[in-house]
Amino acid sequence: MKGFRRILTLIIGLAACIVILVLYLPFLNDFKTKGTLTLPGLTDRVTIQRDENGMAYIHARNLEDGFMAQGFVTAQDRLFQMQLTRLVVQGRVCELAGPVAKNLDIRMRTIGLHRMAKKQANILNDQTKGYFQKYVDGINAFIALCPDDIHLEFKLAGITPENWNVVDSLGILYYMGYSTSANLNTEITAQMLLETLGYEKACQLMPVNINADDPDDTGNLKIPPKDHLSISPTGIKDVLAYTGNLQLRVGSNNWAVSPGRSASGSTLLAGDPHLDVRILPGVWYPLGLITPETRAVGVNIPGIPGMAIGRTDHLALSVTNNYGDMQDLYIETIDPENSDNYLEGKTTIPFIQIRETLKIKDKDDPKGYRMEPVTIRATRRGPVVSKVLPDLTTQKVISFRFAPAESMEPFIGLIEILTAKNAADLVKVLKNIPMVCLNWVFADTSGNIGHQASGKIPIRHNGDGTFPFPVKNAGDNWHGWIPQDQMPGTLNPEKNWIGTCNQKTIKHDYPYYYSSYFAPSYRYRRVKELMASSNKKTIDDLWMYQRDTKNLMAQSLSPIMANALLKHEDTRIMGNILSAWDFRDDPEKAAPAIFQATYRLFAMRVFEDDLGEENAMILLNNWYFWQERLEHIILTGDAAWIDDTRTTDTMESLEDLFHQAAVTAKTFLSSHLGDTPEKWQWGKVHALELVNPIRRKGIGKALLGSGPMPMGGSGETLYRGSYDYDTPFAVSYCAALRMVADLSDREKVLAVLPGGVTGRTFRSHQKDQVAPFMSGEKRYWWFSDTAIDEHQTSKLILVP
């Protein structure tokens, strides 16, 4: 009995400790949300109300005070996240992580985003610079005036907050531009194929990019002549590292509906940008900003003022990646007589030498860190991003050219999104965002809908950016910029809706090379199917479409796969499951798991014999490069690619490769899901897991994060759940926000985040939107003053 009482006492004591801990922990990472605070730099009183999700709504009497308050509240919630992003952009992660981050820091300093941001800051016009300055003044006011409110994460990481300046914010904007400029990966893949397969065979594997709205578009690229390319080894694989760590790479869906197709009689807009959301609280920071000049609710990247996605009094907008090609690689020749120089024809030119110093955390050093110099070489085109590669009688290196480094202007249109009065105003503004190439879809209160691409795309005299350009003389292959009035864009299309899903939007007769990297057309064609129904659309319809799991790639290929599997006893059950499938990638179904696992392995079997495993993996990790090309190979029965060249006495068929892949897939799925295929579930291998930035692995990861959450969808569905080819099937990219706006609704906007509003560990609002995000439950941003007041949970007054 005594022992029992002791155990009972211990259990009660432990439970009490847990309760106390749960109640107390949030106060360890608390901040001021009520009362009054003096903020030097303001010109008038500012009110900050927060709602049940912790989202801040700012009421200011002028736009400058509004931006200062935006910087302040963003720092309250996301200062630690902003610091981590700044360290990445500036190549300073070594200061936090030590030598393990050295190569990342060298790469980021080589690219030079921080140098670009400095250059941009020096040419900004006074008004734009003033808005950015007020925003960073708000960040710095929080750091200076609220030392007790600094995020607990800073202490746990052993670092202290640093003041912000305009260059820091611009650096994040350029990082977004670099992250979304995805053609670098295409050039690496194309050059690898060229060096491995030779010109003729490499041309057969170039991407198929189809504009689903252009019946005359074959999707085939214009390939440069053989003598315009470098077929000898270039060291292209060195550059692969520059395609990683792109935390702000955007995928996405967006569409708008005109009043003629809308049940409310007003325009509707939906947007769900796809990003890597796996680190809490997520990528986007939401808030409301109300001043005499604007009423806006929406999101932006923490560290950048204004709003990128959301609605104002006059319009709503969302973005997807446009994938316009703003990057080129160049194959440069080192002067054999002077390795400090490179050649343009017979002219020898000294490399530009850029000297940087890394500060590397080092527990063995008395100071706690060590300094290490780094020298970056650059040509007239840009920094050298490869090692020196011997090439018979010459030595080659690869340089990197980034259009935003050359297309800077004094005006950045991001801020003016807030004050645009209609679609025409917005289009003018969007044409002045040169560093980010995005598809902006918008709707206004006058009934207009449209699409406009931002970014500045160079005109290449050879009409190609798919392959690295061999430098043979002093001539420049960039000849100005695609005129802004010829950038992709549409206003009020006859079909009464418009949308983008990262697909090709230019017509087959577009007069310029635009890009060779676009998403396959599956998601966009699914939007077309949904929009084809005659019923008038509601916001509930659009909300549901964002969670649509119909896979059009599977609809095209799964019947062929099923027929192959049905012919073999060891895969017949899998074939039966596929035959009965409705092509929806729902988490409780077995068929999506069978299709995805088999198709992934089938793709490797198609390409590995010609490329070798390492090169095949380079290709397959670049999904957009090969997906529609492989579909074309399957549908046309291209035997040359289906046959395994390693088996000289056998001619493999499509059926053979599908069966071989399915047998291996069966072994994999059985080891994870059991031996009964009918009981397999896609969501048990295809899961999204959110982690806390201070505990990304090990004990406590699940407690501070979300744990694995079964998820439907795939890379080919509107309900996006992409995974990396080399790490199946963990979700790496999905919606970082789901938003639907009805411009006739002056009270609210449908919106949910995958994590939460704040980045503070132990605060409920760090991950209180996880459950509704996964389930489809509706959450809202409040738009009218009445709605904001009704949902207020706290009020903070800022005074000069």
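The table below lists the values:
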quantity: Span per principal axis, largest first, for the Cα atoms of segment 561-702 (Å); calculated: 55, 34, 24
quantity: Protection-proxy order for peptides 148-156, 523-531, 168-176, each taking the mean of Cβ atoms within 10 Å per residue, highest first; calculated: 168-176, 523-531, 148-156
quantity: Mean projected area in nm² (Cα convex hull; one quarter of hull surface) for segment 354-424; calculated: 10.8
quantity: Of the DSSP H helices in the chain, those whose Cα atoms cover at least 24 Å axially and whose Kyte score averages 0.0 or more; calculated: 2-28, 63-90, 591-611, 654-673
quantity: Taking the convex hull of Cα positions in segment 707-800, its mean projected area over all directions (nm²); calculated: 9.3
quantity: Candidate lysines for bridging to residue 34, where Cα separation is under 21 Å - those fewer than 8 sequence places away on the same chain excluded; calculated: 795
quantity: Segment 536-598 and segment 57-136: distance between their alpha carbon centers, rounded to Å; calculated: 43
quantity: Label zone at residue 38 (point 7 Å along Cα-to-Cβ), backbone N below 15 Å, segment 123-163; calculated: 145-146
quantity: Low-density loop cleavage sites - trypsin sites (Lys or Arg not before Pro) in segment 408-478, where at most 16 other Cβ are within 10 Å (DSSP); calculated: 421, 472
quantity: Per-bin percent of Cα-Cα distances, segment 468-528 [5 Å]; calculated: 3, 12, 18, 20, 18, 12, 7, 5, 3, 2, 0
quantity: At R0 = 56 Å, FRET efficiency that the Cβ-Cβ distance of residue 494 and residue 363 yields, to 0.05; calculated: 0.25
quantity: Set of aspartates and glutamates near residue 226 by C-alpha distance (under 19 Å), chain-local residues within fewer than 8 positions excluded; calculated: 187, 195, 200, 328, 332, 391, 464
quantity: Span per principal axis, largest first, for the Cα atoms of segment 577-619 (Å); calculated: 35, 18, 11
quantity: FRET E, pair residue 790, residue 582, Förster distance 35 Å, beta-carbon r, rounded to 0.05; calculated: 0.25
quantity: Per-residue ³J(HN,Hα) for segment 255-263, Karplus 6.51 cos²θ - 1.76 cosθ + 1.60, θ = phi - 60°, Hz, x for Gly and Pro; calculated: 7, 10, 10, 7, x, x, 10, 9, 5
quantity: Over segment 300-367: Rg over Rh, Cα atoms, Kirkwood Rh; calculated: 1.26
quantity: Separation of the residue 631 and residue 155 label points, Cα + 7 Å toward Cβ, nm; calculated: 5.4
quantity: Alpha carbon convex hull of segment 334-384, volume per residue in cubic angstrom; calculated: 86
quantity: Per DSSP, loop GluC sites (Glu not before Pro) in segment 574-622 with at most 12 further Cβ within 10 Å; calculated: 588
quantity: Whole-angstrom gap from segment 621-681 to segment 429-486, using each part's C-alpha centre; calculated: 38
quantity: Cα Rg, Dmax, segment 485-636, angstrom units; calculated: 18.5, 60
quantity: Selection of GluC sites (Glu not before Pro), segment 271-339, meeting DSSP coil and at most 12 other Cβ within 10 Å; calculated: 337
quantity: Expected-Rg normalisation [2.2 N^0.38 Å, Cα atoms] applied to the chain; calculated: 0.97
quantity: Semi-axes of the equivalent ellipsoid for segment 715-758, Cα gyration tensor, largest first, Å; calculated: 30, 13, 4
quantity: Translational diffusion of segment 105-215, µm² s⁻¹ [Kirkwood Rh, Cα pairs; Stokes-Einstein; 10 °C; 1.306 mPa s]; calculated: 87
quantity: Principal axis dimensions, segment 629-756 - Cα atoms, whole angstrom, descending; calculated: 68, 45, 30
quantity: Förster radius 60 Å - calculated FRET efficiency between residue 346 and residue 777, Cβ distance, rounded to 0.05; calculated: 0.30
quantity: Label point distance in nm, residue 52-residue 461, each placed 7 Å from Cα along Cα→Cβ; calculated: 6.4
quantity: Per-selection Rg to Rh, segment 660-716 - Cα, Kirkwood hydrodynamic radius; calculated: 1.10
quantity: Qualifying aspartates and glutamates (Cα of each under 15 Å from Cα of residue 697; at least 8 residues distant if same chain); calculated: 689
quantity: Spatial separation of Cα centroids for segment 250-324 and segment 705-752, in angstrom; calculated: 14
quantity: Two-decimal ratio, segment 41-82, of alpha-carbon radius of gyration to 2.2 N^0.38 Å; calculated: 1.17
quantity: As computed over segment 181-315, the Cα convex hull volume per residue (Å³); calculated: 195
quantity: Relative contact order for the chain, counting Cα pairs under 8 Å that sit 6 or more residues apart, in percent; calculated: 19
quantity: Cα→Cβ-extended label distance, 7 Å offset, between residue 560 and residue 240, nm; calculated: 2.7
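Every number in this text was worked out from the coordinates using simple rules, so none of it is lab data. Computed from a predicted model, the values in this text were never measured in an experiment. Because the Cβ atoms are built from the backbone with ideal geometry, glycine has one as well, and the counts that use them run over all protein chains shown.
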